[in-house]
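S.K.: Have a look at the structure that comes next, please.
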Number of protein chains: 2
Amino acid sequence: MSHAISDDALDTIFRTARTQNKWSDAPLSEALLMAVYDLMRWGPTSANSCPARFVFVTSDAAKARLAPHLSEGNREKTMAAPAVAIIGYDLDFPETLPKLFPNNPKMKDVFGSNPQLTETTAFRNSSLQGAYFIIAARALGLDCGPMSGFNNAGVDAEFFAGTNIKSNFICAIGHGDPAGVFPRNPRLSFDEACKIV
Amino acid sequence: MSHAISDDALDTIFRTARTQNKWSDAPLSEALLMAVYDLMRWGPTSANSCPARFVFVTSDAAKARLAPHLSEGNREKTMAAPAVAIIGYDLDFPETLPKLFPNNPKMKDVFGSNPQLTETTAFRNSSLQGAYFIIAARALGLDCGPMSGFNNAGVDAEFFAGTNIKSNFICAIGHGDPAGVFPRNPRLSFDEACKIV
């Protein structure tokens, strides 16, 4: 079987990439953060809804606002990363659909009349986009440390007040220090996770 | 800025990859379906929970079981794909944690005592894994057609009866026919979706 992309690239985005716990403190350029977004935004979402929103926490002042909401086991390592992306979802994403999905002008109302569908779509698709974000960051030479151990309501009040944006998960990004990587845990075999019918 | 993986590879997984609506009917080998899983399974999940489960619908008989649950707009194109992955999440994933996350034997009970956390973790992380699946399939030369327009309860009753597995979304995979690709919709700009603080 031929690989559409090289074995080295598969290693970079999946096979040898590892969640990081220690970081180089060299700052990341704004251009690099923008490049990650510019790449990941092409990943597919339902009705091109693109509900994910990103806050890149990079300054000491912003990190100090984030710190109290992190679980104790995540606090020190997260503060040491040059950037932490708060990946949220905007429950007002239907407002963007006339622009993002112009081929069906009624799609905004499909969601507008169904808050449960809006919530489920926003959570599912912002999670997809969070995964695209991780892969895109790795593809551009960065390391990731994704985490869900934090107080979502506290982060929402601190960073998303006055909006309908809710936090989904956070992801430290930067250049990892291999000394902080844990031994790799196993994965389920094909037969444990999959069936062909 | 140097790219850790080549521009061609970035095109393959993000920039020129497109959601497909028409398919070559050439069958996919079981080895290729397994290769997609073997690649995507390395993507990170919370506490290595790996809650996603995959049913690859490939036979005519299995497609006939799936068809009635698809939204009308998705039915014909989905039936024409050589394989359709039903991506689900197993609410019993805590049972696998002693194997998948051996460094914290208490993690199984953390979830076991908190059904809401279990549900949220399963949905969020199976969505991440669904995105890894899309990227991995593209990286191995396949095209994808992800969809959430189907009757989840009907699919669950048909394919996951007697388990605690729930469907998340489905994804046609195969080799797409460019004639079925829609014009590409826009994405939000960095300033519309992101902030640096």
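S.K.: Quick one: B:Ala161 ticks every box in (1) among the hydrophobic types (A, V, I, L, M, F, W, C); (2) surrounded by 14 or more Cβ atoms within 10 Å (Cβ to Cβ); (3) outside any helix (DSSP H, G or I) bar one, so which box is it?
M.R.: Result: B:Ala161 passes all but (2).
S.K.: Go through the stretch B:97-120 and give me each residue that's in a loop (DSSP other than H, G, I, E, B) and either more than 13 Å from every other protein chain (Cβ to nearest Cβ) or without any contact (Cβ under 8 Å) to a residue 12 or more places away in the chain (or both).
M.R.: Listed by number, the residues that qualify are B:Pro102, B:Asn103, B:Pro105, B:Lys106, B:Ser113, B:Asn114.
S.K.: Further question: Any residue at all in the stretch B:172-191 that is in a helix (DSSP H, G or I) and within 7 Å of chain A (Cβ to nearest Cβ)?
M.R.: Yes, the stretch B:172-191 has at least one match.
S.K.: I would also like to ask the following. Kindly establish whether A:Thr78 is touching a residue at least 40 places away in the same chain (Cβ under 8 Å), in a helix (DSSP H, G or I), more than 12 Å from chain B (Cβ to nearest Cβ) and more than 28 Å from B:Ser6 (Cα to Cα).
M.R.: yes
S.K.: Further, regarding this structure: Return yes when B:Thr45 is surrounded by fewer than 15 Cβ atoms within 10 Å (Cβ to Cβ) and within 11 Å of chain A (Cβ to nearest Cβ) and no when it is not.
M.R.: Criteria not met by B:Thr45.
S.K.: Considering the stretch B:17-41 alone, what residues qualify as being part of a loop (DSSP other than H, G, I, E, B) and facing chain A (nearest Cβ under 7 Å)?
M.R.: B:Thr19, B:Arg41
S.K.: Counting only residues that are touching a residue at least 60 places away in the same chain (Cβ under 8 Å) and among the polar types (S, T, N, Q), which one in the stretch B:36-75 is nearest to B:Lys108 (Cα to Cα)?
M.R.: Among residues in the stretch B:36-75 that are touching a residue at least 60 places away in the same chain (Cβ under 8 Å) and among the polar types (S, T, N, Q), the one nearest to B:Lys108 (Cα to Cα) is B:Ser49.
S.K.: Something else now. Exactly one condition in (1) at pLDDT below 95; (2) under 28 Å from B:Gly180 (Cβ atoms); (3) among the charged types (D, E, K, R) is false for B:Lys106; which is it?
M.R.: Single failed check for B:Lys106: (2).
S.K.: Which numbered condition trips up A:Leu70, out of (1) under 16 Å from the mean Cα position of the chain (by Cα); (2) over 20 Å from A:Leu33 (Cβ atoms)?
M.R.: (1)
S.K.: Taking the conditions exactly as written (within 19 Å of A:Asn74 (Cα to Cα), surrounded by fewer than 20 Cβ atoms within 10 Å (Cβ to Cβ) and not polar (S, T, N, Q)), does A:Glu95 satisfy them or not?
M.R.: Against the criterion (within 19 Å of A:Asn74 (Cα to Cα), surrounded by fewer than 20 Cβ atoms within 10 Å (Cβ to Cβ) and not polar (S, T, N, Q)), A:Glu95 does not qualify.
S.K.: Separate question: What is the number of the single condition among (1) in a loop (DSSP other than H, G, I, E, B); (2) more than 7 Å from chain A (Cβ to nearest Cβ); (3) surrounded by 14 or more Cβ atoms within 10 Å (Cβ to Cβ); (4) not basic (Lys, Arg) that B:Leu66 does not meet?
M.R.: (1)
The values are calculated or read from the model by the stated rules, or taken from the named source; none is laboratory data. What you see is a predicted model; the values in this text were computed from it and never measured. Note that we place each Cβ from the backbone using ideal geometry, even for glycine, and neighbour counts take in every protein chain shown.
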